[in-house]
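Below is a structure I'd like to ask you about.
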Amino acid sequence: MLLPLLPLVAFVAQDTLRFTPTVAQPTFAVRDPVARIKPGTVLISRTNTGPYYTEQGGAFPGEVGPFYVEGATTKDMLKVEIIKVRPNSGLAASQLYPDFGGLGMEKTVRLVNDPIPTKRYLWRLDTVRMVGTTEMPKSRIRRLELDLQPMLGRVAVAPRGAEAFGGIWPGDFGGNMDAPEVREGTTVYLPIFHDGAYFYFGDGHARQGEGEVAGTGLETSMDVILKVDVIKGKTIDWPRLEDRDYIMVAGSARPLMDAFRLAHVELIEWMVEEHGFDKWDAYTLLGQAGENTVANVVDPAYTVVAKIKKRYLR
C-alpha cells in the first residue's frame with residue numbers, strides 16, 4: 001500500500017543548500033562536482049527541465065549532480081532522506097516505443113508481427129488536486145484520470161573504478177532503478193565507491209506503475225528536498241530503502257531472476273546484521289511474509305525490490 005504524501009513540515013538542519021541545476025549529466029561517473037556539501041546538508045533543488053517534458057518532446061534532460069559529500073569514504077554508506085518530491089509543471093509525458101518497453105521487440109530479433117507504434121501521451125497535471133489526466137479517444141473511457149504518486153526514478157553515486165554508466169542504467173550504485181518506493185518519506189542508503197560519493201538524482205515521475213512495463217512513467221520535472229548524510233564505518237553491497245512500514249533492497253541485473261536473488265540476499269544480510277536474525281530464520285520469514293515488486297523490466301538491467309514489514313522484525 002502506498003503511503004500518503006507527507007505534509008511539507010518545517011525542518012532544522014545545520015546546513016542548507018539551495019541549488020539550481022544548470023548542467024545535465026548524461027552518465028553516472030566521477031567528474032568535477034557541481035557543489036561540495038557537508039554530511040547532514042538539506043538540498044533544496046529540482047530535477048532538470050528541457051524539451052523532453054514539452055508537448056513536442058525532445059532529448060531527455062539528464063541527471064543533476066554530482067555532489068561531493070565531504071568526509072564520505074568507501075568505508076561508509078550514503079544516506080538520502082527524501083523529504084519532498086512534487087511536480088512543478090502542469091504537463092507530463094509518457095511514450096510508447098517499438099523497441100523499448102516490457103513488451104517491445106528486441107532490436108536484434110526479427111518478428112512477423114507489426115511493431116508497437118511510436119506514440120506520445122500528454123498528461124495534464126493538477127498539482128493542487130494531485131491528479132493527472134490524458135485523452136484516450138479510441139477507448140471507451142475516452143479520458144483517463146489517475147491520482148499522482150510522485151517519485152524519483154534515479155538516485156545514484158558514482159560507480160566503482162573508472163566505470164561510467166548511461167543514465168538509463170541501474171546497478172549496485174543505484175541509478176535508474178525506477179522504483180516507485182523512492183518517494184516522499186523513504187530513506188535511500190547507497191554504497192560508496194569513491195571518496196566523496198558523487199551523488200546524483202533525477203528522472204521525476206508523477207506516477208509510474210510497477211515494472212514500468214510500457215517504458216516510461218509520467219515523466220515530468222520535480223521540486224525536491226533531500227537530506228544527504230553519511231553513515232560512518234558501515235558498508236553495503238546494494239541500495240537499501242526504508243520507510244515507515246518496510247525495510248527494502250533494490251537489486252538490479254539480467255535475467256530478472258538474478259535481480260530477485262540479489263535483492264533478497266541483501267535483505268537477509270540486513271535482517272541478520274541489524275535485526276538479530278539467524279540467516280536461515282530470516283530466509284524462512286521471507287518465505288512466509290516477504291513481499292517484492294518488480295520496479296522495472298525495461299532498462300538494460302532489471303530491478304526487483306525485496307521488502308519485509310518492520311512489524312515482523314520487532
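The values are calculated or read from the model by the stated rules, or taken from the named source; none is laboratory data. Model, not experiment: these values are computed from the prediction. Ideal geometry is used to build each Cβ from the backbone, glycine not excepted, and the neighbour counts take in all protein chains shown. Keep in mind that these areas ignore ligands, DNA and RNA; they rest on the heavy atoms of the full protein, side chains included. Shrake-Rupley method; radii C 1.70, N 1.55, O 1.52, S 1.80 Å.
Taking the C-alpha atoms of region 116-227, how large are the radius of gyration and the largest Cα-Cα span, Dmax, in Å?
Spelled out, the Cα radius of gyration and Dmax of region 116-227 are 16.4, 55 Å.
Write down the Å³ per residue value for the convex hull defined by the alpha carbon atoms of region 18-109.
Cα convex hull per residue, to the nearest whole number: 175 Å³.
Once amide H atoms are placed 1.01 Å from N in the peptide plane, what residues at a sequence separation of 5 or more from GLY290, or on another chain, have their amide H within under 5 Å of its amide H?
So GLY290 has HN proximity to no qualifying residue.
Give the long-range amide H neighbours of LEU17: residues separated by 5 or more places, or on another chain, with amide H under 5 Å away, using H modelled in the peptide plane at 1.01 Å from N.
Amide H neighbours of LEU17, under 5 Å, 5+ apart: VAL42, LEU43, ILE44.
Here's a follow-up. Assign unit charges at the C-beta atoms only (+1 for Lys and Arg, -1 for Asp and Glu), then state the dipole size of region 141-251 relative to its Cα centre in Debye, rounded to the nearest 20.
The calculation lands at about 100 debye.
In nm, give the distance between the simple-model label positions of ASN88 and ASP281, each being 7 Å from the Cα along the Cα-to-Cβ direction.
The answer from the label model is 4.8 nm.
In the structure shown, do any of LYS227/LYS279; LYS38/LYS75; LYS227/LYS309; LYS38/LYS309; LYS38/LYS307; LYS119/LYS307 have a Cα-Cα gap over 26 Å, and if so which? Write out the running numbers ahead of the final one.
Values: LYS227/LYS279 32 Å; LYS38/LYS75 17 Å; LYS227/LYS309 24 Å; LYS38/LYS309 32 Å; LYS38/LYS307 31 Å; LYS119/LYS307 34 Å.
In this structure, LYS227/LYS279; LYS38/LYS309; LYS38/LYS307; LYS119/LYS307 exceed 26 Å between Cα atoms.
Please work out how much accessible surface ARG36 shows to a 1.4 Å probe, ignoring ligands, DNA and RNA, in Å² rounded to 10.
Solvent-accessible area, nearest 10 Å²: 140 Å².
Can you work out the Karplus-derived ³J(HN,Hα) for every residue in region 239-245? Use 6.51 cos²θ - 1.76 cosθ + 1.60 with θ = phi - 60°, whole Hz, and x for glycine or proline.
3J(HN,Hα) across region 239-245, in whole Hz: x, 10, 10, 8, 10, 4, 10.
Each residue of region 293-307 in order: what ³J(HN,Hα) in whole Hz does its phi give by Karplus 6.51 cos²θ - 1.76 cosθ + 1.60, θ = phi - 60°, with x for Gly and Pro?
With coefficients 6.51, -1.76 and 1.60, one gets 10, 8, 6, 8, 10, 10, 7, x, 10, 7, 10, 10, 10, 9, 8 Hz.
Under the rule of -39500 (n - 2.57) per DSSP H run of 4 or more residues, summed and divided by the residues of the chain, what mean residue ellipticity at 222 nm is obtained, to the nearest 500 deg cm²/dmol? Display every interim value, and only then the final one.
Numbers: 2 runs with 31 residues, N = 314.
Calculated mean residue ellipticity at 222 nm is -3500 deg cm²/dmol.
Could you give the size of the charge dipole of the chain about its Cα centre, using +1 on the Cβ of each K and R and -1 on the Cβ of each D and E, expressed in debye and rounded to the nearest 20? Walk me through the numbers before you get to the answer.
Numbers: 36 positive and 39 negative charges, 131 e Å.
Dipole size: approximately 620 debye.
For region 194-282, what does the alpha-carbon gyration tensor say about shape, rounded, prolate or oblate, given a ≥ b ≥ c as the root eigenvalues, a/c under 1.5 as rounded, and a/b over b/c as prolate?
oblate
Hey, of (1) 0.96; (2) 1.14; (3) 1.03, which did the structure itself give for Rg/Rh (Cα atoms, Kirkwood Rh) when calculated?
(1)
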